[in-house]
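Notes for the one structure printed next.
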Amino acid sequence: MNIDFSRIEPYIPFMLEGIWVTLLFTLLSLIFGLIWGTCLTLMKISTIKPLRWFADFYTSIFRGTPLLLQLFIIYFSTPQLLQYDISPLMAGVLAFGLNSSAYISEIMRAGINAIDKGQREAAMSLGVNYSTMMLFVILPQAFKNILPALVNEMITLLKESSLVSVIGVQELLRRANIVTSQIYVTFEPLIFTGIIYYVIVMILAILARLLERRMRVSEA
């Protein structure tokens, strides 16, 4: 077996720089997806039927088509349709954020529906308006219930961020491919990149467990 990790040593700093690109991309996509997903959730539980129809249709579109197709449409079609030369990173954040919001909206809707109806009735009996009730009573409790699912969505975003390498974003996998093309070996750069992904995911999982534990303690 011709395996020699010393061959990639000069390129390790270059590959490690991709960590910050990957983390930035994941964070921006998650924030965008969380904000827009929350809006979609409020539409889905709204009493206004057109809003519910729009939110359900939106979710069906982004859950029913491949993420890579959505990425290609945003990146390659935006210059044609809007005469705007969108950057690869922005296209990736938009595609992943729009896609993630569809899943987050379903997660949040389930979390809100799991809250006892007595919470809403108590808030209404005290004269709390709907927006205040949702913002300060319902959503904080729902967030505690859906935290594990949100962490899982963040981990999924992190791993799927490798897809943006196909449009030129120099994240971890793209940098590994660049190293591969320069030293003409594939195993070592890809395994090294896989280890980095694994370590990041494990760190996120540990932090999520600590946060869940702290939230349980605060409730006790």
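The values are calculated or read from the model by the stated rules, or taken from the named source; none is laboratory data. All values derive from a computational prediction rather than experimental measurement. FYI the Cβ positions are ideal-geometry reconstructions off the backbone, even for glycines, and counts take in every protein chain you see.
With the condition kept exactly as written, say whether any residue in region 97-116 is more than 18 Å from the chain's Cα centre (by Cα), closer than 25 Å to Leu163 by Cα and either of a type outside the set (S, T, N, Q) or at pLDDT below 90 (or both). No, that holds for no residue.
Scanning region 75-95 for residues that are at negative phi, without any contact (Cβ under 8 Å) to a residue 24 or more places away in the chain and over 17 Å from the mean Cα position of the chain (by Cα) returns Phe76, Ser77, Thr78, Pro79, Gln80, Leu81, Leu82, Tyr84, Asp85, Ile86, Ser87.
Farther than 30 Å from Arg63 by Cα and in contact with a helix residue (DSSP H, G or I) (Cβ under 6 Å, 6 or more places away or on another chain): is that true of Ala102 in this structure? Let's see the steps before the verdict.
Details: farther than 30 Å from Arg63 by Cα: no; in contact with a helix residue (DSSP H, G or I) (Cβ under 6 Å, 6 or more places away or on another chain): yes.
So Ala102 fails the test.
Answer yes or no as to whether Glu121 is more than 30 Å from Phe14 (Cα to Cα), part of a helix (DSSP H, G or I) and acidic (Asp, Glu). In short, yes. When the residues of region 146-169 are narrowed to those that are surrounded by fewer than 17 Cβ atoms within 10 Å (Cβ to Cβ) and among the polar types (S, T, N, Q), which ends up farthest from Gly194 (Cα to Cα)? Going through the qualifying residues, I end up with Asn152.
Only a single criterion out of (1) assigned to a helix (DSSP H, G or I); (2) of a type in the set (A, V, I, L, M, F, W, C); (3) touching a Lys or Arg at 6+ places or on another chain (Cβ under 8 Å) is not satisfied by Ala176, namely (3).
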